[in-house]
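First up is the structure itself, then whatever we jot down about it.
The values are calculated or read from the model by the stated rules, or taken from the named source; none is laboratory data. Bear in mind that the values here come from a model prediction, so they are computed numbers and not experimental data. Because the Cβ atoms are built from the backbone with ideal geometry, glycine has one as well, and the counts that use them run over all protein chains shown.
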Amino acid sequence: MESRTAFQSKTIMTDLVLPSETNPINNLFGGELLARMDRAASIAARRHSRRIVVTAAVNHVAFNRSIPLGSVVTVEAKVSRAFSSSMEVFLDVWIEDRESGECIKANEAIYTFVAVDETGRPVKVPELIAETKLEKERYDAALRRKQLSLVVAGKMKAADATELKALFI
Ligand SMILES: CC(C)(COP(=O)(O)OP(=O)(O)OC[C@H]1O[C@@H](n2cnc3c(N)ncnc32)[C@H](O)[C@@H]1OP(=O)(O)O)[C@@H](O)C(=O)NCCC(=O)NCCS
């Protein structure tokens, strides 16, 4: 199976924050941002695998900065590592200053997607090639994050999470 670069999965979604998508203090509702990130990440995972993909886990979300009504929000998603059937997808969220046009990082998140066949059974995905310094950093740490996610989900024994444990020794 032919390997693909992280860049080949890159997905960018830009949209406005409308009144129906805000909380009582006029900032973007967290669930709305999660949904936008899920959509962008699923497209990135589909571009990498060229298969049907399903969200298996939300590994990390940091709502570092609130996003006001009327903001222009850009969600950028890229596959950071592919395993057997699962793919880790990194998301960076930016808001655009209206006057300067400058993009400010607002949030980030990490999702896990699994490629499946028409019956929902996991199928193999191509390997991912990390090219830039940031892509390589994210690639290197992805196995530890996968192990942590599986341990937290009760799908892996902590004793078997070798690379994760090595962080604490
Ligand atoms: C995701 C799903 C396909 C996994 O199926 P499964 O029977 O657990 O299959 P497996 O145990 O073989 O796991 C498949 C892959 O998912 C990974 N995985 C499963 N749960 C995970 C978790 N919580 N965190 C990280 N990876 C996970 C496994 O490590 C494995 O990865 P690999 O093949 O790359 O090594 C299945 O749980 C599912 O269909 N879930 C519902 C998905 C869905 O509907 N999402 C939308 C939510 S509304």
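Structure above, values below:
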item: Selection from region 89-122 of residues that are of a type in the set (Ser, Thr, Tyr) and surrounded by 14 or more Cβ atoms within 10 Å (Cβ to Cβ); result: TYR111, THR112
item: Filtered residue count, region 36-60, keeping only those that are closer than 20 Å to LYS155 by Cβ and either among the β-branched types (Val, Ile, Thr) or surrounded by fewer than 17 Cβ atoms within 10 Å (Cβ to Cβ) (or both); result: 5
item: Residue selected from region 130-149 under the condition closer than 22 Å to HIS48 by Cα, aliphatic (A, V, I, L, M) and not in a loop (DSSP other than H, G, I, E, B), by the criterion farthest from the ligand (Cβ to nearest atom); result: LEU134
item: Positions within region 150-169 being part of a helix (DSSP H, G or I), at pLDDT below 90 and surrounded by fewer than 10 Cβ atoms within 10 Å (Cβ to Cβ), in sequence order; result: ALA166
item: Filtered residue count, region 81-101, keeping only those that are in a loop (DSSP other than H, G, I, E, B) and either of a type in the set (Val, Ile, Thr) or modelled with pLDDT under 95 (or both); result: 5
item: Subset of region 67-80 that is in a loop (DSSP other than H, G, I, E, B) and either on the phi < 0 side of the Ramachandran plot or among the aromatic types (Phe, Trp, Tyr) (or both) - its residue that is nearest to the chain's Cα centre (by Cα); result: ILE67
item: Filtered residue count, region 102-129, keeping only those that are in contact with a strand residue (DSSP E or B) (Cβ under 8 Å, 6 or more places away or on another chain) and either within 16 Å of the ligand (Cβ to nearest atom) or in a loop (DSSP other than H, G, I, E, B) (or both); result: 19
